[in-house]
Amino acid sequence: MIELREVYKIYRRGSVPFEAVSGVNLSIDKGDFAVITGPSGSGKSTLMTLIGCLDTPTKGNVRIDGRDISQLSRDGLSRIRNQKIGFIFQQFNLVPTLNALDNVALPIEIAGKSREFAVKQAKDLLVKVGLSDKLYNYPNELSGGQMQRVAVGRALSNDPEVILADEPTGNLDSKSGADVLNLLLVLNRQGKTIVLITHDEKIARHGNRHFLLSDGKVVKSGIKKGGVKK
Ligand SMILES: Nc1ncnc2c1ncn2[C@@H]1O[C@H](COP(=O)(O)OP(=O)(O)OP(=O)(O)O)[C@@H](O)[C@H]1O
Ligand SMILES: [Mg+2]
């Protein structure tokens, strides 16, 4: 469902062009739990912006469900993003002036649904991530683990096929990190495709498909038979 062919992202700063992503080929199937690892600066987040239709490649093809997004306009990209992709970031990126419920309801309302529908849906999602008692708390009243669970709820708000998570446990203690990982594993079992970037070996081994990046290139990839480790 996600296919990259000879993908480059080249930043032009000063006289020497810099290849943050340098000729990447990779495929991720529906239902995969794909894990991307690699040292700092190896191009993981840049790759995620391409897979997530936040940006287009300098060269090469990025196909999502068979559709080449490489030439799409800003509007075209955001349409695919809204339909198919949910994001989770290391820094949570919640709106500080909205409570947990409204953080999750906001993208549903932006997608054109009624306030009433959005609130109902957001409540259901926050129950699903174990935050039924924190609906009306603001981000600064929540722990890191709770904020990230709100972000998982928000990522699910428009029922995406794919969840992209860039170091979702990077700012969490090990217990909260395990909770977030478990949520992602449950979602994967329910059919969501997960793409996870992590430095954490213990988390990485839960994936069924692995890509190791170095200097913008995939230097190692593998697929585990028997699917995701439970
Ligand atoms: N907008 C930009 N302009 C110029 N260079 C950039 C830009 N964005 C990223 N880079 C460079 O591209 C390289 C890859 O960055 P990226 O953020 O993808 O790395 P990463 O693997 O996610 O690292 P980390 O593990 O630290 O998050 C880095 O050397 C970075 O400095
Ligand atoms: Mg990064």
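Look at region 1-52 and say how many of its residues are outside any strand (DSSP E or B) and either within 16 Å of ligand 2 (Cβ to nearest atom) or in contact with a Ser or Thr (Cβ under 7 Å, 6 or more places away or on another chain) (or both).
Total satisfying the criteria: 19.
Pick from GLU116, GLU109, GLU167, GLU161: which is over 26 Å from THR37 (Cα atoms), among the acidic types (Asp, Glu) and buried (at least 16 other Cβ atoms within 10 Å of the Cβ)?
Within the list GLU116, GLU109, GLU167, GLU161, the selection yields GLU109.
Starting from region 105-118, take each residue that is closer than 11 Å to SER157 by Cβ and list its partners that are buried (at least 17 other Cβ atoms within 10 Å of the Cβ) and among the basic types (Lys, Arg), counting only C-beta distances under 8 angstrom and pairs at least six apart or across chains.
Once the first residue is closer than 11 Å to SER157 by Cβ and sits in region 105-118, its partners that are buried (at least 17 other Cβ atoms within 10 Å of the Cβ) and among the basic types (Lys, Arg) give LEU106/ARG154; PRO107/ARG154.
Among the candidates ASN137, ASN103, single out the residue that is assigned to a loop (DSSP other than H, G, I, E, B) and more than 16 Å from ligand 2 (Cβ to nearest atom).
ASN137
Restricting to region 44-79, and then to whatever is among the charged types (D, E, K, R) and more than 16 Å from ligand 1 (Cβ to nearest atom), can you tell me which residue is nearest to LYS217 (Cα to Cα)?
Looking at the filtered set, the residue picked out is ARG63.
Is it true that LEU184 is in a helix (DSSP H, G or I) and hydrophobic (A, V, I, L, M, F, W, C)?
It is true that LEU184 is in a helix (DSSP H, G or I) and hydrophobic (A, V, I, L, M, F, W, C).
Of a type in the set (A, V, I, L, M) and either within 14 Å of ligand 1 (Cβ to nearest atom) or over 14 Å from the mean Cα position of the chain (by Cα) (or both): which single residue out of ALA100, ALA34 fits that description?
Only one candidate passes the filter, namely ALA100.
Laboratory data are not the source of any read-out in this text; all were calculated from the coordinates shown. Source: prediction; values computed, not measured. For neighbour counting, all protein chains shown are included, and Cβ atoms are generated from backbone atoms with ideal geometry for every residue, glycine included.
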